[in-house]
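**Student:** Here you go, one structure.
Read-outs throughout are calculated quantities, based only on the coordinates presented, and are distinct from any laboratory measurement. These figures come from a predicted structure and were not determined experimentally. All Cβ positions, even for glycine, are placed from backbone atoms using ideal geometry, and neighbour counts span all protein chains on display.
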Amino acid sequence: MVIDFERARLKMVDEQLVARGIKDPRVLSAMGRVARHLFVEEALADRAYGDHALPIGERQTISQPYMVALMTEALALKGPERVLEIGTGSGYQTAVLAELAARVYSIERIADLAVKARRLIASLGYRNATIKVFDGTIGWKDESPFDAILVAAGSPEIPAPLIEQLKVGGRMIIPVGDRTTQMLKKVIKTPTGVEAASLTGCVFVPLIGAHAWAKEDE
Ligand code: SAH
């Protein structure tokens, strides 16, 4: 069976993103371009544009397209930004960010995932994304400060180093809650601290590191 991935992708944009209120034309066109089916294993490619997360190995998942769009739109990227991403996973969100910002720095704690994502991102021709294996809750001090930070795993609280590494006026999107369910928060750094707003309930894999959960399981 030959699958028309481009058609599936544009249908995803219309039925899952536009229909649910995603408006930023740059986000919609980026997600219409990035070949999501390449970021999952071949056996799952026919489900890549479905309205759900999918497994990517190592007990991790690629987020649902709508969640990727919602998080990306909330960062309000215009083009010149330096963005930090925590939780590279498959690299799909990294590619979407690389379409929309000047520089993307992405951190993944599982080396096998980082290596695969790095190879794929390079093969797709992105020259503005760098992936490293590290504990993302510590951030990436050498490349800071960032205009925007996207955290793709659930944390018990906002890791302090990430607030430090955000510019004043910068935006951070992060799921905060317990291990199974979280609230997606949009955090804006102000001259005196942070302002946080709740966007939606969500379900992410746990953020594991020095400033989040200590281990994978309780
Ligand atoms: N955005 C990804 C999905 C990420 S799933 C995609 O599009 O595919 C969340 C990822 O966060 C997992 O790969 C997990 O290994 C990673 N992760 C969890 N804790 C982390 C930490 N402290 N630093 C970096 N990555 C972390």
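**Student:** Tally Lys/Arg at +1 and Asp/Glu at -1 over every other residue whose Cβ is under 9 Å from the Cβ of Val34; what's the total?
**Tutor:** Value of the local net charge: +2.
**Student:** Let me ask something else. Would you check segment 5-211 for Lys pairs whose C-alpha atoms are within less than 21 Å, ignoring same-chain pairs closer than 8 in sequence, and give me the count?
**Tutor:** The result is 15.
**Student:** Run the simple label-point estimate for Ala160 and Ser29 please: 7 Å along Cα→C-beta, distance reported in nm.
**Tutor:** About 4.3 nm separates the two model spin labels.
**Student:** Another question, if that's okay. For Ala153, what is the net charge nearby, where nearby means another residue's Cβ is under 14 Å from its Cβ and Lys, Arg count +1, Asp, Glu -1?
**Tutor:** Its environment carries a net charge of -2.
**Student:** Once you have the Kirkwood Rh of segment 129-218 from its Cα pairs, apply Stokes-Einstein at 25 °C and 0.890 mPa s and quote D in µm²/s.
**Tutor:** Estimated via Stokes-Einstein, D reaches 185 µm²/s.
**Student:** Output the direction-averaged projected area (hull surface divided by four) of the convex hull of the alpha-carbon atoms of the chain, in nm².
**Tutor:** 11.3
**Student:** Cβ neighbours within 10 Å, averaged per peptide: list 198-210, 103-115 in order, most packed at the top.
**Tutor:** 103-115, 198-210
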